[in-house]
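Data block below; observations after.
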Amino acid sequence: MIKSHAHIWFIGPALVLMTVILLIPILIAMGLSVTDYSLGNMGAEFVGFENYEKIFTRSAYEKMFGATFRYVFVVVPLTVGLGLGSALLIHSLGRFGDIYKTIYFLPVMAALIAMAIVWEFAFHPTIGVINSTLERGCGTWLELWTWYAKGCERSFPLWLQDRDYAIWTVSFIGVWQGFGFNMVLYLAGLTSIPRSLYDAAEMDGAKRGWDRFRLVTWPLLGPTTVFVVTISFIRSFQVFDMVEAFYPQGGGPSKSVFVMMFAIYEKGIQQNLMGIGAAITVVFLAFVMVLTLIQRWLVERRTHYA
Amino acid sequence: MSQISLSGIHKSFGSTEVLKGVSLDIEAGEFVTLVGPSGCGKSTLLRILAGLDSADTGDVRIQAQSVTQTRAADRNLAMVFQSYALYPHLSVAENMMTPLKMRELGWAGRLPIVGPLVARRACRDIHARVEAVAETLKITPLLARKPGQLSGGQRQRVALGRAMVRDPVAFLMDEPLSNLDAALRVHMRAELSELHRRLNATFVYVTHDQAEALTMSDRMAVMMQGEILQVGPPDEIYHNPASLAVARFIGSPAINVLPGEKLADGRVVLLGQRLFNVQSGQPRALFIGLRPEHLHLAAEGRFEGMISHRENLGSDLFLHLTLKEMDNPVVIRAHPDQARNVARGHNVRFDLDPAKVLFFEADGQRVTLDGARQLEVAQ
Amino acid sequence: MTEAVADTKALALRFSTKTALTHAVLILGALIVLLPFYTMLSLSLKAPAEIMQQTGGFIGTQAPFRDDYCIKLGKEVADCMVNPIAYNYSTAFEKAPLLRYLLNGVVVTVSIFFIQVVVALPCAYALAKLRFWGREFVFTLVLFCLLIPVHAIALPLYIMLAKVGLTNTYAALIIPWTISVFGIFLMRQFFMTVPDDLIDAARMDGMSEYAIIWRVMLPTAIPALMAFGIFSVVAHWNDYFWPRIVITGNRDLFTPPLGLREFKGDADGDNFGPMMATACIIVTPLIVCFLLAQRRFIEGITLSGMK
């Protein structure tokens, strides 16, 4: 074999860019997170773990974690569940399912910022379509629902501007936007399940749909589920567009939608508190990496499935 | 009363008619093979019998009961799939337990962890049966493994085991050996036959490999283009095919088919040579079928051909002879000793065994010519 | 026999009610999914009064209305009567250099994809098909970098770009995305499936390693590249976070999402008609491409599902 150095030129650029764009920034973030650096200031003081301490003790950051985890733990189960549910329904329809697939995938394609603005209008307390539709239901049997009756009596929620509803409304939009993506992943998973396994299940006496689901579908979707859950986590941790569009200042009513990415943006970019921004970045990266490592581990454990 | 009875099964996929009114009766304890080229509808027929597909028209009866409206799970049949269809996430033992659990345990007993506690006796019983079957199939050491860790042959056994743990009315097998390598396939043939003898159960076996059909079955049904052409014991099918299509499909190397004719005076002529005389009558063209083993090299043989190819199998030697009169070569079996000194390009003479000659009409139907066997053999 | 027939009928009925139920559920879902698209399109067609009073159905009456801004400019009332659709869409283009934004979007997404391919393809080839010292290390590094969401390290990247004075340039929009570890990984997995014989044959034919990449590997990788391209373009056309950080103020560099955001932030933020028209214009290119080549798009987006 003749020695060739072509590979150096092939991997060189990628290696340099990887280092400069991905690895060094992590080191910088780690470095800055223990200082009070801000852009434009010459020096920066070493402050130890003060920034981290702030993050884990101050109530503003408590709200940040609260909002982030509320969002994540609503959006992940719902996008995964709805993704799986719609995939199963669509798969059972065969060819006619394609139209639904297309529709459900539309939100994934549309710029979230644009759709967020539309949703903001739809949730508008006075001229939005949501509340006006709800008002139309007043005086009907729906009033048996106390929440509904209350809404009719006084007014329906302000949704995005209401401290009690804001995070859930944002989560709803997150689910709306994200479940189509999971559906498509699940559909790919479903089509890769060999038909003969369902035949075998039938021959083995799995009569009810639920038995077949437990015996074949769910276990064979295992790897897909691991992936879908991980990617949903990572995507929902990164929620930003909507929050910035709805609440350019301050992260929502009483900071109830102060999610991590917005916190990084607000502290680092808007307030030029790079130290604390970097500390949030590091915490954020830690979350994401732990999640991905768990996924890798789960996948690895299952590889012998073949 | 036959164990399984299929009558008038029609099935179309879109505009293609896959099964054109197939009827077949299978006796208890029989090993019946459905054999035919790919696309002949044999697998569809098996799936209809299993209940995995439904026929457009026709009736499926199992033990005199019509099961046409019964779903597969309730037909009490076991099936071995071509791809084995083992559950990849379950261990071998769990795979084999599945049919028992599904049928014998309630929902509570099937729960993981809790299940064995709820239905302790049933679970122990299931374990025992699985172990007994594993013992018979010699797969006990594999019980804890996942299918992904097994070789093709081992997976095949597990698939068999999953079928055997129950006591089904019949075992259905859809090309179970086609994914194995050649040596293992030959070995498994013997083993399946042995298994059939021991279980004394009904086997319905689908294959495209005529060798499997010939070696294992009690009876075989030759299918082509959605129809059963002939049903009978392998010997019968081989030596007494009902049509040219059957004769051509069964036997390897394939039967030689030569153009012949019967003259008005009763002479039957092949390549200008009189074979024998039959009763005189209408002259007609015939196809004459001759299996390679019914041809032999003979110094004074009436036919001559040039050796275009030698196929040496060690025990047998097949010579492909090009005849002046024909486009297709004639294949003839020779004893290796006999043919040692013939080489490609040589001209050799050969003759045939007149008693074994098969006649077919121009449309492929088998005919017997009156008195052919009794009349003197012309030399 | 009659029993059997009844059975079949019951079976068919059960089948059809099940299918009908499935359709019902899916249609309900589809309505919720389509609601904002409907709202967006509808509002972009209606007059302000109709929007406020929620009248006019989907497209509104299309009766001309008085444009107050025009009146303020001191023109005749008769000259200021405008058709809602024309008003909404023309305002969208006049208020802000929307065409410029769209062009920026195209420039940025195309450059990103182009550079990603130029960087990733040779690297992927080397990782898949060349044997060299340190290959395992580089691949491990790639796997590690897959863990890093670029958005998460925006802050240090921003500082680095600010230090070299690149904020508010096209470069700032493009540079962080020039390396797609995911692209490298994806292409490497794809190249692993290309038989070595093909490459050896190319070598026997006297091709250099460079020629092999661009003349042999690239053409075989077209399907994977298409899918990756769609993935990349969708991600960066719709990206809002990063442009929001590095483009501050210089409108000439705004990408479509930034343009829309600016519209909302303006005093005109309640002028829903033109804003929705802008939203429509920004969302439409990808949606249209998606509807035209659905399968490819879904393949491309789900690519990230490959392990």
Task: Failed criterion for A:S59 (all others in (1) surrounded by fewer than 13 Cβ atoms within 10 Å (Cβ to Cβ); (2) farther than 27 Å from A:M242 by Cβ hold) - done: (2)
Task: Positions within the range B:62-82 being surrounded by fewer than 20 Cβ atoms within 10 Å (Cβ to Cβ) and under 20 Å from B:A163 (Cα atoms), in sequence order - done: B:Q63, B:T70, B:R71, B:D74, B:N76, B:Q82
TODO: Considering each of C:G74, C:G56, C:G29 in turn, give the residue that is without any contact (Cβ under 8 Å) to a residue 40 or more places away in the chain, within 14 Å of chain A (Cβ to nearest Cβ), more than 26 Å from A:G178 (Cβ to Cβ) and not aromatic (F, W, Y).
DONE: C:G56
Open item on the list: Condition (residue is modelled with pLDDT under 80, touching a strand residue (DSSP E or B) at 6+ places or on another chain (Cβ under 7 Å), exposed (fewer than 14 other Cβ atoms within 10 Å of the Cβ) and over 26 Å from A:L106 (Cα atoms)) applied to the range C:69-79: is it met by at least one residue?
Closed with: yes
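Considering only helices (runs of 4 or more DSSP H) fully contained in the range A:82-137, which possess at least 1 residues that are under 20 Å from C:P48 (Cα atoms), without any contact (Cβ under 8 Å) to a residue 60 or more places away in the chain and facing chain C (nearest Cβ under 8 Å)?
Working: elements: A:98-109, A:112-122, A:129-136.
The helices (runs of 4 or more DSSP H) meeting that bar are A:112-122, A:129-136.
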Task: Failed item, numbered, when A:L39 is tested on (1) in a helix (DSSP H, G or I); (2) facing another protein chain (nearest Cβ under 7 Å); (3) touching a residue at least 60 places away in the same chain (Cβ under 8 Å) - done: (1)
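To keep it simple, each residue is scored yes or no on (1) more than 14 Å from chain A (Cβ to nearest Cβ); (2) among the small types (G, A, S); (3) closer than 19 Å to A:K207 by Cα.
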site: B:Y84; (1), (2), (3): no, no, no
site: B:M97; (1), (2), (3): no, no, yes
site: B:P116; (1), (2), (3): yes, no, no
site: B:R124; (1), (2), (3): yes, no, no
site: B:T140; (1), (2), (3): yes, no, no
site: B:Q154; (1), (2), (3): no, no, no
site: B:A159; (1), (2), (3): no, yes, no
site: B:D167; (1), (2), (3): no, no, yes
site: B:A182; (1), (2), (3): yes, yes, no
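For every residue, the table says whether it meets (1) buried (at least 22 other Cβ atoms within 10 Å of the Cβ); (2) away from chain A (no Cβ under 11 Å).
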position	(1), (2)
C:T220	no, yes
C:P223	no, yes
C:I230	yes, no
C:V234	no, no
C:N238	yes, no
C:T255	yes, no
C:G259	yes, no
C:M275	yes, no
Open item on the list: If the requirement is being basic (K, R), in a helix (DSSP H, G or I), in contact with a Phe, Trp or Tyr (Cβ under 8 Å, 6 or more places away or on another chain) and more than 9 Å from chain A (Cβ to nearest Cβ), which of these qualifies: C:R215, C:R188?
Closed with: C:R188
Open item on the list: I'm trying to understand the selection: among the residues of the range B:231-247, which are surrounded by 21 or more Cβ atoms within 10 Å (Cβ to Cβ) and under 21 Å from B:E27 (Cβ atoms)?
Closed with: B:I237
Task: Residue count for the range A:150-183, restricted to those that are over 16 Å from the mean Cα position of the chain (by Cα) and surrounded by 14 or more Cβ atoms within 10 Å (Cβ to Cβ) - done: 11
Open item on the list: Anything in the range C:43-70 that is of a type in the set (F, W, Y) and under 30 Å from the mean Cα position of the chain (by Cα)? List them, or say none.
Closed with: C:F58
Open item on the list: Based on this model, can you work out whether A:R212 counts as surrounded by fewer than 21 Cβ atoms within 10 Å (Cβ to Cβ), basic (K, R), more than 14 Å from chain B (Cβ to nearest Cβ) and assigned to a helix (DSSP H, G or I)?
Closed with: no
TODO: Run down A:A44, A:A67 and say which single residue is closer than 29 Å to C:H236 by Cβ, in contact with a Ser or Thr (Cβ under 8 Å, 6 or more places away or on another chain) and more than 7 Å from chain C (Cβ to nearest Cβ).
DONE: A:A67
TODO: Give the residues of the range B:32-61 that are in a strand (DSSP E or B) and buried (at least 22 other Cβ atoms within 10 Å of the Cβ), sorted by residue number.
DONE: B:V32, B:T33, B:L34, B:V35, B:V60
Task: Residues being without any contact (Cβ under 8 Å) to a residue 24 or more places away in the chain, surrounded by 20 or more Cβ atoms within 10 Å (Cβ to Cβ) and not β-branched (V, I, T) - total across the range C:32-50 - done: 1
- [ ] Can you confirm whether the range A:190-209 contains a residue that is touching a helix residue (DSSP H, G or I) at 6+ places or on another chain (Cβ under 9 Å), buried (at least 22 other Cβ atoms within 10 Å of the Cβ) and away from chain B (no Cβ under 11 Å)?
- [x] no
TODO: Name, by its number, the condition in (1) buried (at least 19 other Cβ atoms within 10 Å of the Cβ); (2) under 21 Å from the mean Cα position of the chain (by Cα) that does not hold for B:L275.
DONE: (2)
- [ ] Look through the range A:185-224, keep the residues that are at pLDDT 90 or above and of a type in the set (S, T, Y), and return whichever of them is nearest to the chain's Cα centre (by Cα).
- [x] A:Y186
TODO: Report, by residue number, each residue of the range B:280-311 that is of a type in the set (D, E, K, R) and assigned to a loop (DSSP other than H, G, I, E, B).
DONE: B:R291, B:E300, B:R302
- [ ] Scan the range B:99-114 for residues that are in a helix (DSSP H, G or I) and within 13 Å of chain A (Cβ to nearest Cβ) and jot them down.
- [x] B:P99, B:L100, B:K101, B:M102, B:R103, B:E104
Task: Residues that are touching a strand residue (DSSP E or B) at 6+ places or on another chain (Cβ under 7 Å), assigned to a strand (DSSP E or B) and surrounded by fewer than 13 Cβ atoms within 10 Å (Cβ to Cβ), drawn from the range B:312-352 - done: B:N347
- [ ] Determine the pairs where a residue that is within 12 Å of chain C (Cβ to nearest Cβ), located within the range A:168-183, has a partner that is assigned to a helix (DSSP H, G or I) and among the charged types (D, E, K, R) with Cβ atoms under 7 Å apart, the partner being 6 or more residues away or on another chain.
- [x] A:G178/A:R235
Open item on the list: Here are the criteria: (1) in a loop (DSSP other than H, G, I, E, B); (2) free of Cβ contacts under 8 Å to residues at least 24 places away in the same chain; (3) under 28 Å from the mean Cα position of the chain (by Cα). Tell me which single one C:I179 does not satisfy.
Closed with: (2)
Open item on the list: Give all pairs with beta carbons closer than 6 Å in which a residue from the range B:147-162 that is in the same structural domain as B:N76 (by TED's automatic domain parsing) and closer than 21 Å to B:P99 by Cα meets a residue that is hydroxyl-bearing (S, T, Y) and outside any helix (DSSP H, G or I); count only pairs at least 6 apart in sequence or on separate chains.
Closed with: B:R155/B:Y84; B:A159/B:Y84
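Anything in the range C:101-119 that is farther than 19 Å from C:W242 by Cβ and either in a loop (DSSP other than H, G, I, E, B) or touching a residue at least 12 places away in the same chain (Cβ under 8 Å) (or both)? List them, or say none.
Within the range C:101-119, C:V117 is the sole residue that qualifies.
The values are calculated or read from the model by the stated rules, or taken from the named source; none is laboratory data. Computed from a predicted structure; not experimentally measured. Every residue, glycine among them, receives a Cβ derived from its backbone with ideal geometry; neighbour counts consider all protein chains shown.
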